[in-house]
Amino acid sequence: MSTTQSAGADTLRHAPHRGLGLVLIAAAQFVVIMDTSIIGVALSDIARDVGFTSESLSWVFNAYVVAFGGLLLLGGRLSDLLGARRVFTIGWAVLLLGSLAAGAAGDAWVEIAARAVQGAGAALIAPAALSLLMALFGGTPQLPRAFAVYGAAAPIGGTAGVFLGGVLTEYIGWPWVFYITVPIAVVILALTPMAFPAGARSSGRVDLTGAFTGTAGLALTVYGIVRAPEAGWVSVEAIGALAAGLLLLGLFVARQTRAAQPLLRLGMLRLPNLAGANIAQLLLGAAWIPMWFFLNLYLQKSLGASAFAAGAALVPMTVLIVIGMTLVSPRLASTLTTRTMVVSGFALLGAGVAWLAFAPEDGVYVLHVLPASLVAASGMALAFVPSLSTAIASAPPDEAGVASGLVNTSYQIGSAVGLAVLTAVSAGASTSAADGYSAAFLGAAAIAAAGLLTALFTLRARRG
């Protein structure tokens with residue numbers, strides 16, 4: 001790490017408002033996850049008022065995910081070069097503008113473009129937030145608790161999105177599922193200069209060729225995966241997008257081996273635990289997000305719960321995750337190794353999701369959903385924080401932004417790929433909705449089992 005960067009990190013660690021900084025960092029994680037879940041209940045109203053077809057409506061969700069996942073590495077690199085606070089601020093400004101445009105959209109293409117702008121803002125915010133967290137708490141005894149607070153913000157944001165989406169759509173109107181982000185962004189932009197010193201810029205430049213091939217490759221690959229269940233896995237559209245995406249990703253890798261200042265230094269992946277921790281995050285996203293998605297469908301379609309009641313049914317999971325990440329996980333980290341925690345977490349997650357696969361179509365929530373969902377949630381709480389912190393801490397300090405972008409990319413791409421694949425599995429399992437949900441849950445359990453084996457053989461047994 002350069003002298004300038006080291007001085008900047010020391011300044012952050014001695015900043016007088018580290019508590020406020022952690023609140024803003026957690027709020028960033030809360031909002032970028034909330035913005036993925038808050039639109040679910042509002043989709044039918046958006047389709048009616050904006051003029052979406054049934055085929056194009058999914059892009060209100062997908063445009064955000066594609067932009068978010070595709071631009072995270074670039075966001076991480078910019079965070080290292082321009083300073084995490086600057087990129088954090090720019091990201092919130094972009095997210096604010098995208099939210100205003102999404103709420104005011106009167107045409108489908110404007111809505112989709114605005115959602116992509118929101119995703120671009122989130123892709124700047126997320127890696128910068130993790131870089132700021134490391135700068136504030138890295139090398140201090142408070143780091144495990146800071147990671148726990150950050151990690152717990154994600155499930156809170158996902159559950160809050162379901163609640164807020166239903167309430168805002170029913171009582172105010174669907175534009176407010178986007179406008180709700182605006183006052184949050186304004187407050188965070190006002191408080192950011194107080195919470196974080198400006199920090200120093202780093203010498204270097206952005207590898208624009210790498211940024212284009214990597215971003216476009218990830219975007220096209222995600223596009224092909226999320227489009228395939230609807231268009232068909234052997235359709236020209238899906239195969240063409242996947243082939244183009246993989247080609248561009250191949251060019252990205254080739255570029256990173258030759259560039260003087262690459263977007264992602266491939267040698268990072270040989271650092272102890274970094275690759276294993278990123279794979280763990282990818283598989284956590286691929287198992288957890290589909291489980292949450294199909295559990296919501298099961299509650300509404302099979303058990304007849306309203307959207308609001310289904311959100312309420314997910315609250316116990318959220319509460320357990322918050323307790324597990326903020327209170328239990330930091331204490332266990334002092335006595336258990338990272339590998340033990342991640343392996344145990346995957347085991348519990350897989351067991352809970354497999355249990356859900358046997359819930360009958362006319363099941364009872366307290367018997368067939370609640371206990372299984374709590375087992376799965378305890379696994380997520382146990383595995384998420386140590387794998388996330390290991391992925392960041394394994395990188396050199398001057399590459400914290402890239403490491404943050406990489407681990408965020410791993411989780412988001414895992415989420416998108418897992419949901420797309422298990423949606424196809426569910427659709428092809430049977431004409432019965434219950435059979436489809438069961439197949440999806442079993443698929444998520446299999447992904448968790450793959451995560452267990454990966455963590456067992458790739459993570460070194462280190463504490464904390």
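What number results when the radius of gyration of the range 268-464, computed over Cα atoms, is divided by 2.2 N^0.38 Å?
Ratio of Rg to 2.2 N^0.38 Å for the range 268-464: 1.03.
Convert each backbone phi in the range 79-96 into a coupling constant with the Karplus relation 6.51 cos²θ - 1.76 cosθ + 1.60 (shift: θ = phi - 60°), then list the ³J(HN,Hα) values in order as whole Hz, x for Gly and Pro.
4, 5, 7, 8, x, 5, 5, 4, 5, 4, 5, 4, x, 5, 5, 5, 4, 4
Magnitude of the Cβ-charge dipole of the chain, K/R +1 and D/E -1, about the Cα centre, nearest 20 debye?
That gives a dipole near 1680 debye.
For Arg145, Arg258, which order do you get if you count the other beta carbons within 10 Å of each Cβ and list the fewest first?
With the sparsest Cβ surroundings first, the list reads Arg258, Arg145.
Could you line up Thr318, Thr53, Thr390 from fewest to most neighbouring Cβ atoms inside 10 Å?
Thr53, Thr318, Thr390
P(r) for the range 1-204, please, calculated from all Cα pair distances in 5 Å bins and given in %.
Taking every Cα pair in the range 1-204, the percentages come to 1, 8, 16, 20, 19, 13, 9, 6, 4, 2, 1, 0.
How big is Rg to Rh over the chain, alpha-carbon atoms, Rh as the Kirkwood inverse-mean-distance radius?
The Rg/Rh ratio comes out at 0.94.
Laboratory data are not the source of any read-out in this text; all were calculated from the coordinates shown. None of these values were measured; they are calculated from a predicted model. Using ideal geometry, Cβ is built from the backbone for each residue, glycine included, and neighbour counts are taken over all protein chains shown.
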